[in-house]
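Enquirer: Can you read through this structure? Questions will come right after.
The values are calculated or read from the model by the stated rules, or taken from the named source; none is laboratory data. The model shown is predicted, which means the values in this text are computed figures rather than measured ones. In this analysis, Cβ positions are derived from the backbone assuming ideal geometry, glycine residues included, and neighbour counts consider all displayed protein chains. The accessibility values were calculated without ligands, DNA or RNA, using every heavy atom of the protein model including side chains. Shrake-Rupley method; radii C 1.70, N 1.55, O 1.52, S 1.80 Å.
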Amino acid sequence: MSSTTMAINALLEESLNEPSIGETTCFRWHATPVGIAALWNKSQSPLTPPFDDALKEGLQVGLDLSREEREFHQVSHGLVLLFHS
């Protein structure tokens, strides 16, 4: 794992302990220093990162993430989809 990925994961871990900015069917949403994090909150992990679901559910909490860069991370809290500029 690269040092950049480790640093992002550390920031995500810390930010996910803070109150969320919203919750939808499949995600808990957090504003983090590295972007908007969508934490998967279902018991069954998806086979592939569910970016399309996150884009749709993000609109439910007032977030249009369609133009953002996206990546995913596995942290102790679970699967995180990260959206950033």
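Enquirer: Take F83 and tell me if it is open to solvent by 100 Å² or more (accessible area, probe 1.4 Å) and touching a Leu at 6+ places or on another chain (Cβ under 6 Å).
Expert: So F83 fails the test.
Enquirer: Residue under question is F72, and the condition is that it be open to solvent by less than 50 Å² (accessible area, probe 1.4 Å) and not aliphatic (A, V, I, L, M); does it hold?
Expert: When the stated conditions are applied, F72 does not pass them.
Enquirer: Let me ask another. Take the residues in the range 14-54 that are within 11 Å of the chain's Cα centre (by Cα) and assigned to a helix (DSSP H, G or I), then tell me which one is farthest from F72 (Cα to Cα).
Expert: If we take residues in the range 14-54 being within 11 Å of the chain's Cα centre (by Cα) and assigned to a helix (DSSP H, G or I), then S15 is farthest from F72 (Cα to Cα).
Enquirer: Another question, if that's okay. What about A38, is it surrounded by 17 or more Cβ atoms within 10 Å (Cβ to Cβ), touching a Phe, Trp or Tyr at 6+ places or on another chain (Cβ under 8 Å), touching a residue at least 40 places away in the same chain (Cβ under 8 Å) and under 17 Å from H84 (Cα atoms)?
Expert: Values: surrounded by 17 or more Cβ atoms within 10 Å (Cβ to Cβ): yes; touching a Phe, Trp or Tyr at 6+ places or on another chain (Cβ under 8 Å): yes; touching a residue at least 40 places away in the same chain (Cβ under 8 Å): yes; under 17 Å from H84 (Cα atoms): yes.
Yes; evaluated as a whole, the condition is true for this residue.
Enquirer: Next up: Of the numbered conditions (1) surrounded by fewer than 15 Cβ atoms within 10 Å (Cβ to Cβ); (2) free of Cβ contacts under 8 Å to residues at least 24 places away in the same chain, S15 satisfies every one except a single condition; which is it?
Expert: (1)
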